[in-house]
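S.K.: Structure provided below as structure tokens; questions to follow.
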Amino acid sequence: MSQMMDTSTEGPSKDAKSNGSIKSDEKMTTDGGTNGGFMQKLRKSFRRVKGMSLLSRDKGSKVTPQSDTAANESVSVASPPPPSPSLSANSPTDSLRNIEKKEDDQNVSTLGQSLRRVRQSFRQSMRIYPKKNNSMDMSISEDPEDRVNPTFEEYLERQCFCEATQLLIDREKHLFGEVTEADVLEAQKEEVEKLAADHEALEKHVQQTLGQSLSEDINSEEGVSALMSAVKAITLEEEQDQLWKQRCQTPPTWRPKKWKEHHDSMLRELVNYRMDNPSILVGDQVKQSSVQKDISSMGRQLKDDLLLVVTVVKICYPPEMDICNFYARLYHQTFSSRLRKLADKDHTLLLQWVNDFYPGILQEPELANNINTDALGKLLPDDLLEPLEEQYLSKQQSDLMIFIDRALDVAKEEWDQGKEPTRDDGCCISPVACDVIQFINGKVTSAQKIVGDQDKAQKIIPHLTDFMQSYKDFHEDTIKQNRPHSKALIKANLGCVKQFRDFFTTESDLFPEDVRESYLQVLTEMKQSAHTYLLNPVHKVLKPHYQKLGTSEWLKNNALFEKLLLTLDEELQQLQGSTQSCHQELIGQLHQKVTEEYVQKLLRGEVKLKDSDRQQKAYMTVNENAERLHELFTRMGSKQEWLKEILTKIAEVLKLQDIPAIQMQIVSLGSAYPDLSEKHILALLKLKTTLTKADKKTIKTTVLDILNESRADAETRMFFSNVEVR
């Protein structure tokens, strides 16, 4: 309890017990300097009492008036003032001296009473003005205006709440240092009432300052200073509350003040008010619903206020109060409460704020560096979110299926109306795949942000089996009708097939494996039917030229193959119109088909290579044909360079005469293309009539043995399986 007593209380208590001496009173000092009012009263009392003493003497006595300096000198109350040194040499009679002495005793009594009243006034002032450094020395002769401290009211006016609080605490210590409120003297009751009133006035000012913590005034130097002083005042009052808790005495009626508790309550009310009355930017909300306006306004207010807290308000608080996280929790709880009330009005917008917009606000660098966002948790509990998510996901899935079906319906309508597909850089374009993929990606991406979970978002993807089958039926119907604009649409569909295949392959996690495989199978069938539809007319035109390949006339006359190339070049021009990748694949398909026809006609065995010269001629012809085909198809976009290798390897077999060399060349061909069969080997050897049956059997047996051992590691590219031989 002695710790709660301020040493400044010692001065007045000692003076009250002195033998009327005012020596110590004359030298008392306070924290704010000399009390001007008190000093003036003291001087006037001295002059009045001293004057009364001198004037009461015999009129015959000669008295020199005392100057102000004499009046200001130290006076002992225990004895009468000494006689003036300027009195006349003719001394008064003894009787006169007795009368004077009697009168002086009466004057001294009057002086003592006046000084006691002055001391009482002084003690009251000492309780208002705390001492500085516990000093007990104040000279009465010092100018009062030199060391006057601001009054309590002046501190309030200047918004120096910490200093005002300290004044009240010091006054409280003087009044209740060793006593309780019940023990306070009756004469001090007025001081207690005044102290209680001052506490109430201070609390109102602090509350007003806290209420302006998030206003525009806080951005000024005065605003920051006021809030900082208010926070310090709260800390001082909390410390004083704790000191009273440690004492056994009954505290004053205003203790404990619980200002920290009131502070928290004030800020909670402030946050509630600002979230209930957010600032509104009309220009941004013209097309928004009332619910959207409410939520977006609260969200903007939350963001602006939290940014103000971490940039300005934070510096007004000590670190241990953790004001940034305190405000964050208040706004989090308040925003959550407001959203609960709107849960049944717009679940999509609500989920968007909970899982997307609100986390985005907290990820602002200024906030993330000052707020423990993980500790805040979600705005709404799972038991409230899950039903909202189910409603939202179900609605999104239904909407997505409608969008997808509509994309195909539009394509069918345009087809029925005879419209050709649009062209982009000469390529036929269909929007079906692009629209469907964008619908799916857009909906899934949006759902992922709104529900905050990718797995949940993927649930909105409907089963596309019915759609894919409908798209395939439309594709096949286009081929079947074979209208003038059918080829253009099929070329456009090839682009869609490619887009869908890439999508189902790269986004495989969006679909179950078996479902994805079924989609890819439909696309493969669509591509094959498109290639067949587009290439069959070409093969029909080339068929007469195919018939002359591998004949004796072909071997003698290069013009036959030249006609094939010219016709092929013309047909290739008609196949243009697909996107680049689709065109390359289509031309590559034709390239392989022409090469297969070439090999098939060669292995038919109509030409007989009876000697090495004819075999050399056949070697040169096949090599030259391979080069010319490769040049033409490469120029038209084919990337199937490996087809040239097949013809050159076959040409090498036709040229070679040494059996082991022939064996090695056929093994090389079979290793590269594992579908090379025994029939193909025999048909190739049959062209070389110089080989005996035994030679052919030896070559065949050796080649097949080697190929059977090595084919396990061979590539699986197929070619000869499409080449029929007798």
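The values are calculated or read from the model by the stated rules, or taken from the named source; none is laboratory data. Predicted, not measured: the structure shown is a model, and the values here were computed from it. So basically every Cβ, Gly included, is an ideal-geometry build from the backbone, and we count neighbours across all protein chains shown. Heads up: the accessible areas ignore ligands, DNA and RNA and are worked out on the full protein's heavy atoms, side chains in. Shrake-Rupley method; radii C 1.70, N 1.55, O 1.52, S 1.80 Å.
S.K.: Residue under question is Glu420, and the condition is that it be open to solvent by less than 100 Å² (accessible area, probe 1.4 Å) and among the acidic types (Asp, Glu); does it hold? Before the answer, list the steps.
M.R.: Numbers: open to solvent by less than 100 Å² (accessible area, probe 1.4 Å): no; among the acidic types (Asp, Glu): yes.
No, not satisfied.
S.K.: Any residue that is within 16 Å of Gln547 (Cα to Cα), out of contact with any Gly (no Cβ under 9 Å at 6 or more places or on another chain) and not hydroxyl-bearing (Ser, Thr, Tyr) - is there at least one of those in the stretch 625-638?
M.R.: yes
S.K.: Could you list, in sequence order, all residues of the stretch 328-349 that are among the basic types (Lys, Arg) and either modelled with pLDDT of 95 or more or open to solvent by 50 Å² or more (accessible area, probe 1.4 Å) (or both)?
M.R.: Of everything in the stretch 328-349, those that are among the basic types (Lys, Arg) and either modelled with pLDDT of 95 or more or open to solvent by 50 Å² or more (accessible area, probe 1.4 Å) (or both) turn out to be Arg329, Arg340, Lys341, Lys345.
S.K.: For Lys412, which of the numbered conditions (1) closer than 30 Å to Lys260 by Cα; (2) touching a residue at least 12 places away in the same chain (Cβ under 8 Å); (3) surrounded by fewer than 19 Cβ atoms within 10 Å (Cβ to Cβ) fails to hold?
M.R.: (1)
Listed here are the residues, each with its yes/no results for (1) of a type in the set (A, V, I, L, M); (2) out of contact with any Pro (no Cβ under 9 Å at 6 or more places or on another chain); (3) over 30 Å from Leu350 (Cβ atoms); (4) in a strand (DSSP E or B).
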position	(1), (2), (3), (4)
Ala411	yes, no, yes, no
Gly442	no, yes, no, no
Gln448	no, yes, no, no
Glu476	no, yes, yes, no
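S.K.: List the residue pairs whose Cβ atoms are under 8 Å apart, where the first residue sits in the stretch 475-486 and is over 15 Å from Gln417 (Cα atoms), the second is polar (S, T, N, Q) and open to solvent by less than 20 Å² (accessible area, probe 1.4 Å), and the two are 6 or more positions apart or on different chains.
M.R.: If the second residue must be polar (S, T, N, Q) and open to solvent by less than 20 Å² (accessible area, probe 1.4 Å), the pairs left are His475/Asn493; Ile479/Ser486.
S.K.: Another question, then. Exactly one condition in (1) open to solvent by less than 20 Å² (accessible area, probe 1.4 Å); (2) in a helix (DSSP H, G or I) is not met by Leu676; state its number.
M.R.: Leu676 satisfies every listed condition except (2).
S.K.: Among the helices (runs of 4 or more DSSP H) confined wholly to the stretch 149-259, which include 3 or more residues that are modelled with pLDDT under 85, buried (at least 20 other Cβ atoms within 10 Å of the Cβ) and of a type outside the set (A, V, I, L, M)?
M.R.: Those helices (runs of 4 or more DSSP H) span 161-176.
S.K.: Further, regarding this structure: Here is a list: Gly442, Gly452. Which entry is loosely packed, with under 15 Cβ neighbours inside 10 Å, within 36 Å of the chain's Cα centre (by Cα) and modelled with pLDDT under 95?
M.R.: Working: Gly452 fails: loosely packed, with under 15 Cβ neighbours inside 10 Å.
Testing whether each residue is loosely packed, with under 15 Cβ neighbours inside 10 Å, within 36 Å of the chain's Cα centre (by Cα) and modelled with pLDDT under 95 leaves just Gly442.
S.K.: Taking Thr505 as the residue in question, decide whether it is among the hydroxyl-bearing types (Ser, Thr, Tyr) and either surrounded by 18 or more Cβ atoms within 10 Å (Cβ to Cβ) or modelled with pLDDT of 95 or more (or both). First the steps, then the outcome.
M.R.: Details: among the hydroxyl-bearing types (Ser, Thr, Tyr): yes; either surrounded by 18 or more Cβ atoms within 10 Å (Cβ to Cβ) or modelled with pLDDT of 95 or more (or both): no.
Spelling it out, it is not the case that Thr505 is among the hydroxyl-bearing types (Ser, Thr, Tyr) and either surrounded by 18 or more Cβ atoms within 10 Å (Cβ to Cβ) or modelled with pLDDT of 95 or more (or both).
S.K.: Taking into account only those residues within the stretch 424-439 that are open to solvent by 20 Å² or more (accessible area, probe 1.4 Å) and in contact with a Gly (Cβ under 8 Å, 6 or more places away or on another chain), which is nearest to Gln396 (Cα to Cα)?
M.R.: If we take residues in the stretch 424-439 being open to solvent by 20 Å² or more (accessible area, probe 1.4 Å) and in contact with a Gly (Cβ under 8 Å, 6 or more places away or on another chain), then Ile429 is nearest to Gln396 (Cα to Cα).
S.K.: If you check Glu389, Glu364, which single one turns out to be crowded, with 19+ Cβ neighbours inside 10 Å and of a type in the set (Asp, Glu)? Step through it out loud before you land on a result.
M.R.: Working: Glu364 fails: crowded, with 19+ Cβ neighbours inside 10 Å.
Only one candidate qualifies: Glu389.
S.K.: Of the residues in the stretch 309-324, how many are part of a loop (DSSP other than H, G, I, E, B) and free of Cβ contacts under 8 Å to residues at least 40 places away in the same chain?
M.R.: 1
S.K.: Restricting attention to the stretch 525-540, which residues are of a type outside the set (Gly, Ala, Ser) and in contact with a helix residue (DSSP H, G or I) (Cβ under 6 Å, 6 or more places away or on another chain)?
M.R.: Those that are of a type outside the set (Gly, Ala, Ser) and in contact with a helix residue (DSSP H, G or I) (Cβ under 6 Å, 6 or more places away or on another chain): Met526, Lys527, His531, Tyr533, Leu535, Val538.
S.K.: Given the criteria at pLDDT 95 or above and open to solvent by 70 Å² or more (accessible area, probe 1.4 Å), does Gln547 qualify?
M.R.: No; evaluated as a whole, the condition is false for this residue.
S.K.: Looking at the stretch 479-495 only, could you name the residues that are under 22 Å from Gln573 (Cα atoms) and either of a type in the set (A, V, I, L, M) or assigned to a helix (DSSP H, G or I) (or both)?
M.R.: Ile479, Ser486, Lys487, Ala488, Leu489, Ile490, Lys491, Ala492, Asn493, Leu494, Gly495
S.K.: Please give the helices (runs of 4 or more DSSP H) falling wholly within the stretch 510-578 in which 3 or more residues are more than 30 Å from Val622 (Cα to Cα).
M.R.: So the answer is 513-546.
S.K.: Going by what's in this entry, would Ser638 be described as farther than 15 Å from Phe561 by Cα, surrounded by fewer than 19 Cβ atoms within 10 Å (Cβ to Cβ) and polar (S, T, N, Q)? Write out each step before concluding.
M.R.: Values: farther than 15 Å from Phe561 by Cα: yes; surrounded by fewer than 19 Cβ atoms within 10 Å (Cβ to Cβ): no; polar (S, T, N, Q): yes.
So Ser638 does not fit the description; no.
S.K.: Evaluate the stretch 654-661: report whether one residue or more is over 16 Å from Thr689 (Cα atoms), out of contact with any Pro (no Cβ under 8 Å at 6 or more places or on another chain) and open to solvent by less than 30 Å² (accessible area, probe 1.4 Å).
M.R.: No - not one qualifying residue is present in the stretch 654-661.
S.K.: Right, next: Could you identify the single residue in Asp382, Asp322, Asp356 that is out of contact with any Pro (no Cβ under 8 Å at 6 or more places or on another chain), open to solvent by 50 Å² or more (accessible area, probe 1.4 Å) and over 30 Å from Val231 (Cα atoms)? Reasoning before the result, please.
M.R.: Numbers: Asp322 fails: over 30 Å from Val231 (Cα atoms); Asp356 fails: open to solvent by 50 Å² or more (accessible area, probe 1.4 Å).
Residue meeting the stated conditions: Asp382.
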